[in-house]
1. For helix 16-27, report the angle its Cα long axis makes with the longest principal axis of the Cα atoms of the chain; keep it between 0 and 90° and round to the nearest 10°.
2. Treat each spin label as a single point 7 Å out from the Cα along the C-beta direction, and report the residue 5 to residue 78 distance in nm.
3. Tell me, what ³J(HN,Hα) does each residue in the stretch 61-77 have, in order and in whole Hz, if you take phi through Karplus 6.51 cos²θ - 1.76 cosθ + 1.60 with θ = phi - 60° and put x for Gly and Pro?
4. Treating each Cα of the chain as an identical point scatterer and ignoring solvent, apply the Debye formula and state log10 I(q)/I(0) at q = 0.15, 0.17, 0.25 Å⁻¹.
5. Please calculate how many Å² of accessible area the chain carries per residue, with a 1.4 Å probe and no DNA, RNA or ligand atoms counted.
6. Just want the answer: with Cβ charges of +1 for Lys and Arg and -1 for Asp and Glu, which residue in 83, 20, 60 is farthest toward the dipole's positive end in the chain?
7. Quick one: pull the percent of accessible area on the chain belonging to carbon and sulfur, 1.4 Å probe, ligands and nucleic acids left out.
8. Out of the stretch 11-77, which chymotrypsin sites (Phe, Trp or Tyr not before Pro) are coil in DSSP terms and have no more than 11 other C-beta atoms within 10 Å?
Amino acid sequence: MKHLALTFDDGPGLTTMPRILDLLKQEGARATFFLWGEKINSQTAPVLHRALEEGHELANHSMHHLHMSRLSREEVICEVEDLQRLLRPFGVTPSLFRPPYLDHNE
């Protein structure tokens with residue numbers, strides 16, 4: 001059996017994420033949403049709750065969407081940990097992190 005992983009970055013968005021969720025529901029598909037912490041607020045919280053209720057995964061895309069290779073080790077840790085803390089009230093501790101711009105140090 002072949003599998004395909006659907007992933008979306010830079011959310012949550014108030015217009016795009018609900019539309020994506022509608023399409024995924026229609027097709028019976030699940031996806032992983034890599035979230036940008038600065039976009040999470042009281043207006044976007046309902047779409048995150050919906051994503052979780054519909055079986056999607058929420059993952060870490062950093063708090064401020066910065067180039068990770070330009071940051072110190074401590075700053076990178078803060079970028080990841082700050083978003084982890086922000087997602088705890090949703091009952092989520094992401095196990096996946098995708099650096100913005102796929103930028104990282106080897």
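1. Helix 16-27 and the main axis of the chain meet at about 50 degrees.
2. The two pseudo-label positions are separated by 2.9 nm.
3. Coupling constants for the stretch 61-77: 10, 5, 6, 10, 6, 9, 6, 5, 5, 8, 9, 6, 4, 5, 5, 5, 4 Hz.
4. Log10 of I(q)/I(0), two decimals: -0.61, -0.77, -1.40.
5. Here the residues of the chain average 63 Å² of exposed surface.
6. 20
7. Roughly 53 percent of what the probe reaches on the chain is carbon or sulfur.
8. none
The values are calculated or read from the model by the stated rules, or taken from the named source; none is laboratory data. Quick caveat: nothing in here was measured; it's all calculated off a predicted structure. Counting neighbours? That spans all protein chains shown, and the Cβs are built from the backbone with ideal geometry, glycine included. To get the accessible areas, we keep the full protein, side chains included, count just its heavy atoms, and leave off ligands, DNA and RNA. Shrake-Rupley method; radii C 1.70, N 1.55, O 1.52, S 1.80 Å.
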